[in-house]
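The values are calculated or read from the model by the stated rules, or taken from the named source; none is laboratory data. Bear in mind that the values here come from a model prediction, so they are computed numbers and not experimental data. Positions of Cβ are generated from backbone atoms using ideal geometry, with glycine treated the same way; all protein chains shown enter the neighbour counts.
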Amino acid sequence: MILQVQGVSKRFGGLQALSRITIDLPEGQILGLIGPNGAGKTTLFNVINGIYAPDEGSISFLGQSVSGWPPQRLAKAGMARTHQIVQPLNELSVRENVMVGACFGREDHGLADAARIADEVLDFVGLKAGADQLAGSLNVAEKKRLELARAVASRPHLLLLDEVLAGLNPAEITAMIQIVRQIRDRGVTIIMIEHVMHAVMNVSERIIVLDYGVQLAEGSPAEVSKDPKVIEAYLGDPKLAKKLAQRPV
Amino acid sequence: MNAWNKPGFWLPLALVLAAGAWPLITGREATREVIFTALISVALASSLNILLGYTGYVSFGHIVFFGLGAYVGFYMMSALDLPLYLAAPAGGLSAGFLAFLLGKAILRLRGAYFALATIGVNEAARAFVNNFDPFGGPIGMRLNFRFYDAYGGAARALWTTFVALVVLTLILLAVSYLVKSSKFGLSLQAIRENEDAAQVMGVFAPSAKTWAFVISAIFPGIIGVLFFFKNGNIEPGDAFRLHLSIETIVMVMLGGQGTVLGPLLGGAGYQRLRGTLLVTPLFKDIQLTVAGVLLLVIILFVPGGVVGWLRSRFPVLRRVLE
């Protein structure tokens, strides 16, 4: 198991953002994390990533307990993430952005090596042409790729992808899914938060559904999509939905 | 690293070298004084730039390091009769040490909160020195005139101080370039752009920030010793001038924050402007107001300063101006 989340809870004042989440993630998998807005998906990422310490429970990464580690230490240990709201280093060039990932990530490269890795990774995500541009001048789709490139350049063992497909058009989604698969094929374990259902169902080996901070369901994409609790969380009461659909207009 | 091949490295050095050599060749004391004042500004601005420009932290307390370094060095010279070449590095190191301690305490704060804390530090340092008897309290300290005998008399000592300042400024600009173009510099710039994202990418922000603060504090500490060695006496009001901190920020912004050349141009340019204003009857009492207006105009219209503007306007210059 590359990542083990054991009964993790997190509350903000009166809001129980996460309650007793447990995840066992074997190496080399893509795990999809879905759920309605406000379900606690990004909070779970923030807890795994060390931005928040869990109130209860424990997290272990690559066999060692990492509860309470700050994000920079986890980055060195081989955990990388992208942000739902893109966070480019605006006044640095695209290449420099990616170099930060390579320099300070797991492998701790010098500048010359980092530049080489950055060019490789930018080529891989299709941003090579704009490497010398300032990151602030990219459009949203490109900034998403930049986020991904920075994370990949750190050569992580575990990659947390927070809605990398949101806001992309269908062609861009197809291209991005291709990239995510290739990253996995290089041996990186991935957890992805996603709202684009057909994409996440397609690419994930396993899905976890969160709703109001509770782990609602877990299983293969096929199992999860048939689970009445999941349908209810997304669409409301299925019987009610059916009744409403049958009601004469 | 082949810094010598880069115009961005040697251009600032060449400028300082030329300015420093000029009075040495002509032997004119008036020119020397003008350039001395300009170089003090350049060095203060360049050192502040490491924190303000590279790391993105606005400090109103830069002059604390100038004042504290000066006091420590001056105490060593006047009370302990130690030579300048020991007192100056000691002033720099004590300023750096203060920055290290302060960094641990207040670099946790961000944005406006950090800036406010630095104002407090400035006032606290002045109050401390005012009431610290070994440093002469509110009266300060003075150097015995005979102290300059070891430097070939007071007149020669002025030239010695000038040469020391030129060398120090050269070192500082080289350090500034090397910091900026290093991996450490990349981490500082990542912190400036987005500290949280930088940490997620593995940058150890607390220690990087602290080291940037220490490097930026050592130089004003040394300059303070040189300045007051030349002056012959030191008082709290002269050593901790809050407005000089603000003027230093104006210089950095004017020349271009986050660039190596910018603080050089900004420091020299601002000092030139100030010199002109001080002898213009209309402005002589309100030259600080002009600094304030200048800062406002820069922030509103040319946030990149002179060098930033040139770089974005003429991309060709990006290879030359760092």
Next item on the list: Determine the pairs where a residue that is in the same structural domain as A:Ser204 (by TED's automatic domain parsing), located within segment A:219-245, has a partner that is of a type in the set (Ser, Thr, Tyr) and at pLDDT below 70 with Cβ atoms under 8 Å apart, the partner being 6 or more residues away or on another chain.
Entry: none
Margin query: So if I check each of B:Leu168, B:Leu178, B:Leu188, B:Leu158, which one is more than 14 Å from chain A (Cβ to nearest Cβ) and either in contact with a Leu (Cβ under 9 Å, 6 or more places away or on another chain) or within 26 Å of B:Leu261 (Cβ to Cβ) (or both)?
Written below: B:Leu168
Notebook entry, point to check: Out of segment B:53-68, which residues are surrounded by 24 or more Cβ atoms within 10 Å (Cβ to Cβ) and either more than 16 Å from B:Val225 (Cα to Cα) or touching a Phe, Trp or Tyr at 6+ places or on another chain (Cβ under 9 Å) (or both)?
Noted result: B:Gly53, B:Tyr54, B:Thr55, B:Tyr57, B:Ser59, B:Gly61, B:Ile63, B:Val64, B:Phe65, B:Phe66, B:Gly67, B:Leu68
Note to self: I need the helices (runs of 4 or more DSSP H) fully contained in segment B:177-265, keeping only those with at least 3 residues that are buried (at least 23 other Cβ atoms within 10 Å of the Cβ).
What the structure shows: B:183-193, B:195-200, B:205-231, B:242-255
Check: When the residues of segment A:88-127 are filtered to those that are β-branched (Val, Ile, Thr) and more than 9 Å from every other protein chain (Cβ to nearest Cβ), which remaining residue is surrounded by the most Cβ atoms within 10 Å (Cβ to Cβ)?
Finding: A:Val98
Note to self: Checking B:Gly8 against (1) touching an Asp or Glu at 6+ places or on another chain (Cβ under 7 Å); (2) at positive phi, only one condition comes out false. Which one?
What the structure shows: (2)
Check: Here are A:Ile85, A:Ile48, A:Ile34, A:Ile23: which of them is aliphatic (A, V, I, L, M), surrounded by fewer than 24 Cβ atoms within 10 Å (Cβ to Cβ) and outside the structural domain of A:Arg145 (by TED's automatic domain parsing)?
Finding: A:Ile23
Next item on the list: Report yes if some residue within segment B:175-196 is of a type outside the set (Lys, Arg), under 19 Å from B:Pro83 (Cα atoms), at pLDDT 95 or above and out of contact with any Ser or Thr (no Cβ under 9 Å at 6 or more places or on another chain); otherwise report no.
Entry: no
Next item on the list: All but one of (1) within 13 Å of chain B (Cβ to nearest Cβ); (2) under 23 Å from A:Gln182 (Cβ atoms); (3) of a type in the set (D, E, K, R) hold for A:Glu27, so report the exception by its number.
Entry: (1)
Check: Since B:Leu278 meets every condition but one in (1) touching a residue at least 24 places away in the same chain (Cβ under 8 Å); (2) touching a Lys or Arg at 6+ places or on another chain (Cβ under 6 Å); (3) not charged (D, E, K, R), which condition does it not meet?
Finding: (1)
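Assigned to a strand (DSSP E or B) and either modelled with pLDDT under 85 or buried (at least 20 other Cβ atoms within 10 Å of the Cβ) (or both) - does that describe any residue in segment A:165-185?
No, every residue in segment A:165-185 fails to be assigned to a strand (DSSP E or B) and either modelled with pLDDT under 85 or buried (at least 20 other Cβ atoms within 10 Å of the Cβ) (or both).
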Check: Any residue in segment B:106-120 that is at positive phi and exposed (fewer than 14 other Cβ atoms within 10 Å of the Cβ)?
Finding: yes
Next item on the list: Output the residue which, of all residues in segment B:146-159 that are surrounded by fewer than 17 Cβ atoms within 10 Å (Cβ to Cβ) and in a helix (DSSP H, G or I), is nearest to the chain's Cα centre (by Cα).
Entry: B:Trp159
Checklist line | Residue check for A:Ala141: away from every other protein chain (no Cβ under 14 Å), in a helix (DSSP H, G or I) and hydrophobic (A, V, I, L, M, F, W, C) | finding: yes
Next item on the list: State which residue is farthest from the other protein chains (Cβ to nearest Cβ) when the search covers only segment A:144-168 and only residues that are at negative phi and not hydrophobic (A, V, I, L, M, F, W, C).
Entry: A:Arg145
Item checked: Any hit, segment A:59-76, residues being within 14 Å of chain B (Cβ to nearest Cβ) and of a type in the set (Lys, Arg) -> yes
